[in-house]
1. Is region 9-185 best put as rounded, prolate or oblate by its Cα gyration tensor, with a ≥ b ≥ c the root eigenvalues, rounded for a/c under 1.5, and otherwise prolate when a/b is larger than b/c, oblate when not?
2. Take the alpha-carbon positions of region 281-426, form their convex hull, and give its projected area averaged over all directions (one quarter of the hull surface) in nm².
3. Using a 10 Å cut-off around each Cβ, can you sort 230, 333 from fewest to most neighbouring Cβ atoms?
4. Translational diffusion coefficient, Stokes-Einstein: compute it for region 74-117 using the Kirkwood radius over C-alpha pairs as Rh, at 37 °C and 0.692 mPa s, and state it as an integer in µm² s⁻¹.
5. What is the order of 30, 417, fewest Cβ neighbours within 10 Å to most?
6. Restricting to Cα pairs below 8 Å that are 6+ residues apart, what does the relative contact order work out to for region 9-185? Please round to a whole percent.
7. Give the peptides 60-69, 102-111, 139-148 in descending order of average Cβ contacts within 10 Å, highest first.
8. In nm, give the distance between the simple-model label positions of residue 254 and residue 352, each being 7 Å from the Cα along the Cα-to-Cβ direction.
C-alpha cells in the first residue's frame, strides 16, 4: 500500500484524490438506483482495496446479505446474495453493533472477525478487513465492507476516515431510498383511498337511484292497476249502456297495454344486464320506420301542442333489428314530446360522413343541464323531477344498449331551457368481428 503522500492518477496526492472523490460523491444523486454501486466503485478505486461490498441487514433470521460487490482487479461487480448469519458469527455481529468501525489488520486473528476465517476469509484470500456499520434511523441497516486480499494489512487513519465517510454516504443513499419507498407507498395508499371513496360514492349514488327508481316504478305500475280495477268494478257492478261498456273496455285495453309496456321495459333492463339481449336482423329503410313511429305519435304530438317535421331525402337501408330500432326511435320521440314544452320537434334521417345511418331528433323544450348529460344514459338515472314527469327513466338506457348492440353510438347535446338533440349513428351492416356485450360497451 502506498504512503500518505503517494501520487495517484494525474499527479494528485492521495489526500487530493480522496477529497475529489468525496466532492464527486456529495453531488451524486442518492435517489438513483445505482447510487450504492457508484459509491463502492469509487471507494475501491480510491483506497485501492481489492474487494468492496455493501451488506444489508435482514432481521428474520438475523443476518447480513451481500447486496452489491465490486472487485478491483479485474474491474467488475462480483459476489452478491451471499448470506452470513448472526447465529454462526455472534462476536462479529456484536462488534458491528458496538463499534463505529472494525479495522482488522489481521482479520483471521482479530477477535472481532476471526470467526469468519475458515468459512469466509481463507477461501477468498482475505487478510485484512475494514468494516463500517451503516446506521439509518437509529437502526443497523447494513455494513460497508473493505476486504484486503493478501497478507495482513495496516489501515492508515486517513483511509479509515475516508471509509467512514463512504459509510455515511451509503447511509444517506439508504435514507433517500427508504423515503422514496415510503412516498411511493403513501402515493399508492392515497390513490387506493381515493378509489375507495369514489367506489363508495358510486355505490351510494346507485342505491339512491335504485331507491328512486323503485319508488317511481311502484307508482307507474300502481296507476294502470288502479284504473283497471275501477273499470272492472264498473263492468261487474254497474248496468252500463253499450257506449259506457265500450269506453270501459277501451280503458282496460289502454291500461293493459301500458302495463305490458312497463313489464317489457323492466325485462329489457334485465336482458341488458345479463347479456341476453338478442337481435333479429333484417333489411329495412330507417326513414320508413321513423315515419311509422311518427304516425303512431300523431295524436300525442297534437295533444302536446308540438309540431313535427321529418326530413328524409333518400332511403337509408341497413341490416338491423326492426323492432329494436323501432324501440329506439319510439323512446327518443317519446322524450321529445314529453320534454318539448309544446314546441317544434325536428327529425332528420340520412347518412353521416362515414356512410353510416344517422338519425337526429331535436326538440326545443326544457333541455338538460350540462352536468346531467353524462349520466342520462345510465340505469336508474333521470335528469328531471319524478314528481313533474312520469316514466321509469329507463328509455335512454335501453336505447343506448340497442344502438351499441348494433355497433353504433348515440350522443346527446343540450342547453338548459333551449332544447335537446339526440343523434344515433348505425353502420348499415354490422362490421365483421364487432360483437359488443350490450349494457357494458361505452
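1. Because a/c hits 1.5 or more and a/b fails to exceed b/c, region 9-185 counts as oblate.
2. With every direction weighted equally, the projected area is 8.2 nm².
3. Taking fewest neighbouring Cβ atoms as first place, the list is 230, 333.
4. Calculated translational D: 277 µm²/s.
5. If I rank by nearby Cβ atoms, fewest first, I get 417, 30.
6. Answer for region 9-185 is 21 percent.
7. Ranking, from highest mean packing down: 139-148, 102-111, 60-69.
8. 3.9 nm
Rule-based calculations on the coordinates, nothing more; no lab input. Predicted, not measured: the structure shown is a model, and the values here were computed from it. Counting neighbours? That spans all protein chains shown, and the Cβs are built from the backbone with ideal geometry, glycine included.
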